[in-house]
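Some notes on the structure that comes next.
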Amino acid sequence: MTDVDTGQEVVLSSDGPRFRHPQAYTSQDEQGQPVQHIAFASRKEADQWLEEQKAKGIDIALIGKGERGVRFMGTAHKQIKLGGDEEGLRAIAYIVQTFFAQAFPDIARLPALDPLKAYTLNNVGKGFAWWDFAPPTDLPANAFPFGHRVVVGLDQAAGTAYARISFYSTLNFAVLLANVPVTTSRAVVTDIDPLAKSPPRDIVSWNAEAALGAVARPANLTAALGEAIRSGRAEAQIRSLMGRIQVFENDMAAARLLAQAEGAAALPDTEREALFTRLITSEAQRVLNLMRTSIADCKLRASNPVEKAVVAFMEKVVELDPQAINGLTPEAARSIETACQALARQMSADCKAGLLDRARMGVLIGGGPGAFAVLEPLKEAYLKTLRP
């Protein structure tokens, strides 16, 4: 992914987003002399960078090892390529080939599958795999929320070995492995949980005495993909997946915050509010995202000069500064702090009233009630600018 504001590559992992490469920033010391800062994702990354510079014959004199901090990001952009990439389709075919060999080892050794092996191993031939925008609707739902699925089977009626693969229950491909002699239709379905940390609960597999999701080769392997791109259906599927991921991640964050606030209702008001302030400040990037998304929505809805002026003011006070160590303008840093305090007050009040369950926490950190809480201080700040 690419950070829009800096143009730098961003890597997403289970630990959250980080820049792929070290980030350099310049500030001034008390005497007005420039000081070069370099931000790393970890101490290990810093040590590796120093070793790389040393290997190049560059001696780096450190004036300090800095401290742990937070780098705020704006919008990250990712271009997803659809179609036309034979290497990608070949990788799809190789994946299902390994599953097929495990499920039907005797069939996998037949000479009829040699052309498939030549394709996957030596890039000889083509036309084995294609994007599928009309997957079967009669298969059971995936065992996992964002599960991958691999179906391999034998179709007695067509005399074929076939496969289907679905990534995140959204991106679907079909593969026709070969024409083979089939006496009985069979299939093996394997669901894989991409969110699982480790086995054995990351895979569910089951057999069927039928050609589940049997595949027939279309006359034109790219026609469905072309139509899906032209109509916007392909983009809509990607957007739907991103939306589902966002909802899921927001719910997981709500559960985590709620667990950390266990017993808060019994605390005195000041202690309870301080607890929620600490919790939500640790999620300051999420708060910034909520502010920027809400402001963008307000901008779309603004229909008169007053509303447009308010939006322009709010956009200004959450501006990013790619040259700053924390990625924020001083004004944006103050705005985020104020927004975190506003959210903490609302959470504390809801907790005291017995209203702060997982669903309520979810909408406070990523929904309408949260948007209202973080934008109100900005609107009040705008009104102050109008007073004499």
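The values are calculated or read from the model by the stated rules, or taken from the named source; none is laboratory data. All values derive from a computational prediction rather than experimental measurement. Here Cβ is always computed from backbone atoms with ideal geometry, including for glycine, and neighbour counts include all displayed protein chains. Calculation scope for accessible area: heavy atoms of the full protein, side chains included, ligands and nucleic acids excluded. Shrake-Rupley method; radii C 1.70, N 1.55, O 1.52, S 1.80 Å.
When you look at Asp357, is it buried (at least 17 other Cβ atoms within 10 Å of the Cβ) and either more than 20 Å from Leu275 (Cα to Cα) or touching a residue at least 12 places away in the same chain (Cβ under 8 Å) (or both), yes or no? No; evaluated as a whole, the condition is false for this residue.
Residue count for the range 169-192 satisfying the condition of being open to solvent by 30 Å² or more (accessible area, probe 1.4 Å) and farther than 24 Å from Ala223 by Cβ: 5. Within the option set Phe276, Phe248, being aromatic (Phe, Trp, Tyr), open to solvent by less than 50 Å² (accessible area, probe 1.4 Å) and touching a residue at least 24 places away in the same chain (Cβ under 8 Å) holds for one residue only, Phe276. Scanning the range 99-115 for residues that are open to solvent by less than 60 Å² (accessible area, probe 1.4 Å) and under 33 Å from the mean Cα position of the chain (by Cα) gives Phe99, Phe100, Ala101, Ala103. The listed residues are Thr222, Thr277, and the only one of them that is farther than 30 Å from Pro135 by Cβ and of a type in the set (Ser, Thr, Tyr) turns out to be Thr277. Across the range 150-157, a minimum of one residue is classified as open to solvent by 80 Å² or more (accessible area, probe 1.4 Å), among the small types (Gly, Ala, Ser), farther than 22 Å from Ser205 by Cα and out of contact with any strand residue (DSSP E or B) (no Cβ under 6 Å at 6 or more places or on another chain). Checking each residue in the range 158-177 for being in contact with a Ser or Thr (Cβ under 8 Å, 6 or more places away or on another chain) and over 9 Å from Ala129 (Cα atoms) picks out Thr170, Asn172.
Kindly establish whether Glu319 is closer than 14 Å to Leu378 by Cα, of a type in the set (Asp, Glu) and surrounded by 13 or more Cβ atoms within 10 Å (Cβ to Cβ). Here the answer is yes, as Glu319 does meet what is asked. The helices (runs of 4 or more DSSP H) found entirely in the range 319-388 that carry 1 or more residues being at pLDDT below 95 and over 18 Å from Ile295 (Cβ atoms) are 330-352, 368-386. Would you call Thr270 open to solvent by 60 Å² or more (accessible area, probe 1.4 Å) and either among the hydroxyl-bearing types (Ser, Thr, Tyr) or modelled with pLDDT of 95 or more (or both)? So Thr270 passes the test. Could you check, for the range 304-311, whether at least one of its residues is surrounded by 18 or more Cβ atoms within 10 Å (Cβ to Cβ) and on the phi < 0 side of the Ramachandran plot? Yes; the residues of the range 304-311 include at least one that is surrounded by 18 or more Cβ atoms within 10 Å (Cβ to Cβ) and on the phi < 0 side of the Ramachandran plot.
When Trp131 is tested against (1) closer than 19 Å to Val204 by Cβ; (2) surrounded by 13 or more Cβ atoms within 10 Å (Cβ to Cβ); (3) within 25 Å of the chain's Cα centre (by Cα), exactly one condition is not met: (1). When the range 202-216 is filtered for residues that are touching a residue at least 60 places away in the same chain (Cβ under 8 Å) and in a loop (DSSP other than H, G, I, E, B), the ones remaining, listed by number, are Leu212, Gly213, Ala214, Val215. Residues that are more than 24 Å from Thr137 (Cα to Cα), more than 22 Å from the chain's Cα centre (by Cα) and not in a loop (DSSP other than H, G, I, E, B) do occur in the range 179-201.
Each row is one residue, and each column tells you yes or no for (1) modelled with pLDDT under 95; (2) touching a helix residue (DSSP H, G or I) at 6+ places or on another chain (Cβ under 6 Å).
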{"position": "Arg109", "(1), (2)": "no, no"}
{"position": "Phe133", "(1), (2)": "yes, yes"}
{"position": "Pro140", "(1), (2)": "yes, no"}
{"position": "Leu154", "(1), (2)": "no, no"}
{"position": "Val189", "(1), (2)": "no, no"}
